[in-house]
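Following: one structure in structure tokens, then a few remarks.
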Amino acid sequence: MSKAKADLDYWILHFFNQNTSPQGAGTVLEAIREKGIRLSEAAIGRQMRVLRVQGLLEKVGKQGHLITPAGKDKLHVLEGEKDLRDFLGGIAGKQALQGTGNLIDRLIARKALEREAAYQATLNATDEELLEIERIVQKQYEGMRMNQEYSEISADFHRAIFQAARVPLLEALYDFIGISSRWQNFFVGTFKIYNTPLNVSHEKIIKAMKARDAELAADSMAAHLEDVISNAKKLFPGSIKKAPTKN
């Protein structure tokens, strides 16, 4: 679901959750315009019908609509996603974290570094190092099952691969880009919003490494970072640089 669509559904359901009597599209329109959403009454009515088909709203004769129990449950989910988007926006908006580089530029650089790190780690890691990386992935799964925060564990996964690569310059460049633990919170958060299988991606990487297939490990890491880049572009389209136009 796009950010705009999620925001619209959130504010419509939020409005109905605040009202115990049936309401029509015109009243909804007046309320959500205060939230900066600029749509016509017809567009609001169409989206209300979509929510009704989904079982999130119910129509009460000609009086208007009411929110359903399923709608309240959906609103709870959307509230969590909105809070997470707001949190991530706060992180990305801090100058101290952004430094002088563009977010997407940093991620593209990280993709190149981590692809090479995965390739070299597959060739150079000891069996014990590979087992430790595999244990880190399992810790991620455990944290996910218990609904615990696992951003630091995710950072450990990437750091362990750089260390196993045994190419100090790669790790130095990684540090120079500035992928801090707070940025890791951002990356993990985008995967939660867009329901991208973070742990599955990590598992594919370590499986290829254990099979000593350096090319597959590198390609799997590149695909994983491409998901990170894609999620960041969807969440913050303003961070994408436009190509200069030709005169």
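The values are calculated or read from the model by the stated rules, or taken from the named source; none is laboratory data. Everything numeric here is computed off the predicted structure, so don't read it as measured data. Virtual Cβ from ideal backbone geometry, glycine too; neighbours counted across all protein chains shown. Calculation scope for accessible area: heavy atoms of the full protein, side chains included, ligands and nucleic acids excluded. Shrake-Rupley method; radii C 1.70, N 1.55, O 1.52, S 1.80 Å.
Listing for the model above:
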{"item": "Ranked by how many other beta carbons lie within 10 Å on average, peptides 103-110, 40-47 from highest", "result": "103-110, 40-47"}
{"item": "Förster radius 30 Å - calculated FRET efficiency between residue 233 and residue 210, Cβ distance, rounded to 0.05", "result": "0.40"}
{"item": "Cα-Cα over 32 Å, subset of 35/59; 82/210; 59/82; 82/139", "result": "82/210"}
{"item": "Extension gain, residue 126 back to residue 63 (0.36 nm per residue minus Cα-Cα distance, nm)", "result": "15.7 nm"}
{"item": "Residue 57 long-range amide H proximity, modeled H, under 5 Å", "result": "52, 68"}
{"item": "Length added when fully stretched, residue 18-residue 166, from 0.36 nm per residue minus Cα-Cα", "result": "47.5 nm"}
{"item": "Ranked by how many other beta carbons lie within 10 Å on average, peptides 62-73, 6-17 from highest", "result": "6-17, 62-73"}
{"item": "Average accessible surface area per residue within region 1-51, 1.4 Å rolling probe, Å²", "result": "53 Å²"}
{"item": "Gyration tensor (Cα) of region 1-43, equivalent ellipsoid semi-axes in angstrom", "result": "17, 12, 9"}
{"item": "Fully extended contour minus Cα-Cα distance, from residue 46 to residue 109, at 0.36 nm per residue", "result": "18.4 nm"}
